[in-house]
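The structure appears right after this line, and notes come after that.
The values are calculated or read from the model by the stated rules, or taken from the named source; none is laboratory data. Keep in mind it's a predicted model, so treat the numbers as computed, not measured. Here the Cβ positions follow ideal geometry from the backbone for every residue, glycine too, while neighbour counts run over all protein chains shown.
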Amino acid sequence: MKKGTLRQILLITDGCSNQGEDPVAMAALAREHGMTVNVIGVLDENERTDGLKEIENIALSGGGIHQLVYAKQLSHTVQMVTRKAMTQTIQGFIHKELQSILGHDKEIEDLPPDKRGQVVEVVDELGETMDLEVLIMIDTSASMQHKLPTVEDALLDLSISLHSRIGENEYALYAFPGKRKQVERLMDWTPILKDIHTIFPKLTTGGITPTGPALKEAIDAYQKKRSKRGLLNDGYIEESSS
Amino acid sequence: MTGTSKNPVADVPRGTTIRGKWNKQTYQIMKKLGSGALGTVYLADSVKGRVALKVGTDSMSITSEVNVLKQLSMVQGTVLGPFFYEIDDWERNGKKFPFYVMEYIDGEPLFTFINRRGKEWIGILMLQLLRDLSVLHREGWVFGDLKPDNLLVEGSPPTMRWLDVGGTTPMGRSVKEFTEFFDRGYWGLGNRVAEPSYDLFSVAMIVLNAGYPKRFDRPKKDSEHYLMNKIEGSQLLREYKPILRKALLGKYNYASEMRQELFALLQGEQINVRKNKNVAGHSRVAARQTRPTVKKKRSGWIETVLLVAFLLFFYTLYLVGHIF
């Protein structure tokens, strides 16, 4: 059985967008493309959380998970959010499948508890073996400057967790704002998240937070990746059929 | 926390009766025992007696925990996790709350016990833990989230029990639930693949935690060196250093290996203690003490022979005297 790929956009930010498209709309668009948008808000100690409603809204409309954390807990949170979002997406698939079998208004809770165990086993199995693509989008606005070393640690930690799975992983890394553009690609799709300690020190931080354009760029990046793969697949089919 | 809105974990007041939707069993809430990310555990009264009852909000994660508890209940001969009774739903104000019922373990947290009874219990309880882990590993499971908070000491003789088995993972898969201080990935000393050495790292960190009750953060780099210094810096930990070192560096492939070496170390310690106190053991000293009694016995035998010989001699003289 071919197991398909989970596609996630992981947005790490610390505040509200202030330039370009509405990020909540872009997240909804990403969802339409079959991606999940997860958002992690990195707080300073004693920072109030009331200005961060946007973070929640982006995740809601992107079908993902959001979490606000202090920099210290970032490592644990990034890997947890990624894994939870995977589980949530898979549960979504399973839920649809169940509805097509049991009827439209049925939920997993309508199954007797003993039967639910088997559903959970399937979800666990898929979470462990499905391939995963994560596009990581890092806010490099000025207020993020001193949090970047922690973000770096968190990403390394994420790769430890994901590489302990059986399924394959691919990562891409972007920053917003970029040096000259709103969004800058730091790392193209790669199966191993390494050498980020050589990239991070070079990052310059800017004043604006173009979250919407960043998400738009992420969708484009996924589209390009897919079309590239499409071409490769076509080439393969032609070869094998001739 | 999650994007999908879920029912908040409601506090269930004391005296509430929970009736299962499917199995129709009733439970009377006695008190709250604790709460975690996935739900709240209560002490409850039932026809089975006192039980622990965990109420959650997400039926998938509750079911996932029950899957593990059921698996552990199937392990023959050894009590690993709390004994599992049943899973059901509780309907309250039109909302459904999944819950499950398990054995109530009336124990004391690991470190509370050690502080009360003495540091020498660490080694002994670790021996127990390693024995149970080796059974768990043989069954194809890894504990995952091994930490003092998940360990209770129960009864007399004191026995280590496992409280929260939610992080238990099939061998070869990735560990999803962990606590940073006890996770080798956090220290940069390995991955999060579920294998025996993952748990053994955590066992070593539990011992380190006993030496440093407040725990400590990871250094910027070279955590191996850092952890070794921490071990050297604590009188309690120093004696366990060779074993802790091997466990932290993933040198043990099986819990039984680590257990054997810990056992040998603890035994060596006991012999040292005996020597220092100058108490006669089972060795040469004892043998030397028994030897003189053997000599005495032999000399007693000679005496008897001599006495008999004398008597015979005088009796002969007597007989000879009669003839003349």
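Below are the figures for this structure:
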| quantity | calculated |
| --- | --- |
| Where A:D153 falls short, out of the listed (1) closer than 15 Å to A:P201 by Cβ; (2) more than 14 Å from chain B (Cβ to nearest Cβ); (3) not hydroxyl-bearing (S, T, Y) | (2) |
| Number of the exception - B:N253 against (1) modelled with pLDDT of 95 or more; (2) surrounded by 15 or more Cβ atoms within 10 Å (Cβ to Cβ) | (2) |
| Region B:134-153 - residue that is in contact with a Lys or Arg (Cβ under 8 Å, 6 or more places away or on another chain) and of a type outside the set (S, T, N, Q) and, of those, nearest to B:P170 (Cα to Cα) | B:G144 |
| Condition broken by A:T89, with the remaining ones in (1) more than 10 Å from every other protein chain (Cβ to nearest Cβ); (2) under 19 Å from A:I138 (Cα atoms); (3) touching a strand residue (DSSP E or B) at 6+ places or on another chain (Cβ under 8 Å) satisfied | (2) |
| Verdict on A:A71 being in contact with a Ser or Thr (Cβ under 6 Å, 6 or more places away or on another chain) and within 30 Å of A:T129 (Cβ to Cβ) | no |
| Every residue from region B:167-195 that is crowded, with 24+ Cβ neighbours inside 10 Å, under 18 Å from the mean Cα position of the chain (by Cα) and not hydrophobic (A, V, I, L, M, F, W, C) | B:T168 |
| Among residues of region A:173-199, those that are surrounded by fewer than 19 Cβ atoms within 10 Å (Cβ to Cβ) and within 14 Å of chain B (Cβ to nearest Cβ), counted | 3 |
| Residues (in the same structural domain as B:V153 (by TED's automatic domain parsing) and on the phi > 0 side of the Ramachandran plot) located in region B:73-125 | B:G118 |
| Where B:E65 falls short, out of the listed (1) surrounded by fewer than 19 Cβ atoms within 10 Å (Cβ to Cβ); (2) over 17 Å from the mean Cα position of the chain (by Cα); (3) within 30 Å of B:K214 (Cα to Cα) | (1) |
| Region B:183-199 residues that are facing chain A (nearest Cβ under 9 Å), paired with ones that are among the polar types (S, T, N, Q) and assigned to a loop (DSSP other than H, G, I, E, B) (beta carbon under 7 Å, 6 or more apart) | B:G185/B:N191; B:N191/A:S164; B:R192/A:S164; B:V193/A:S164 |
| Residue within region B:44-55 that is assigned to a loop (DSSP other than H, G, I, E, B), in contact with an Asp or Glu (Cβ under 7 Å, 6 or more places away or on another chain) and either outside the structural domain of B:L152 (by TED's automatic domain parsing) or closer than 27 Å to B:G140 by Cα (or both) present | no |
| Where B:R238 falls short, out of the listed (1) under 25 Å from B:F111 (Cβ atoms); (2) surrounded by 13 or more Cβ atoms within 10 Å (Cβ to Cβ); (3) at pLDDT 95 or above | (2) |
| One residue from A:E170, A:E107, A:E97 being surrounded by fewer than 21 Cβ atoms within 10 Å (Cβ to Cβ) and at pLDDT 90 or above | A:E170 |
| Some residue of region A:61-77 being under 24 Å from B:G185 (Cα atoms), at pLDDT 90 or above and in a loop (DSSP other than H, G, I, E, B) | yes |
| Whichever residue in region A:196-228 is without any contact (Cβ under 8 Å) to a residue 24 or more places away in the chain and polar (S, T, N, Q) and, among such residues, is farthest from A:Q8 (Cα to Cα) | A:T198 |
| Options B:G144, B:G185, B:G172; residue that is in contact with a Ser or Thr (Cβ under 8 Å, 6 or more places away or on another chain), under 23 Å from B:I62 (Cα atoms) and either not hydrophobic (A, V, I, L, M, F, W, C) or not assigned by TED's automatic domain parsing to the domain that holds B:Y254 (or both) | B:G144 |
| Leading residue by the ranking (modelled with the lowest pLDDT) among those in region B:72-88 that are crowded, with 19+ Cβ neighbours inside 10 Å and either assigned to a loop (DSSP other than H, G, I, E, B) or within 11 Å of chain A (Cβ to nearest Cβ) (or both) | B:L80 |
| Check on A:I65, more than 23 Å from A:A30 (Cβ to Cβ), facing chain B (nearest Cβ under 8 Å) and free of Cβ contacts under 8 Å to residues at least 60 places away in the same chain | no |
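Residue-by-condition table, conditions (1) within 24 Å of B:G144 (Cα to Cα); (2) surrounded by 18 or more Cβ atoms within 10 Å (Cβ to Cβ); (3) charged (D, E, K, R):
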| site | (1), (2), (3) |
| --- | --- |
| B:D199 | yes, yes, yes |
| B:V203 | yes, yes, no |
| B:R218 | yes, no, yes |
| B:I231 | yes, yes, no |
| B:Q260 | yes, no, no |
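Residue-by-condition table, conditions (1) assigned to a helix (DSSP H, G or I); (2) charged (D, E, K, R); (3) more than 10 Å from chain B (Cβ to nearest Cβ):
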site: A:R31; (1), (2), (3): yes, yes, yes
site: A:G41; (1), (2), (3): no, no, yes
site: A:Q99; (1), (2), (3): yes, no, yes
site: A:V120; (1), (2), (3): yes, no, no
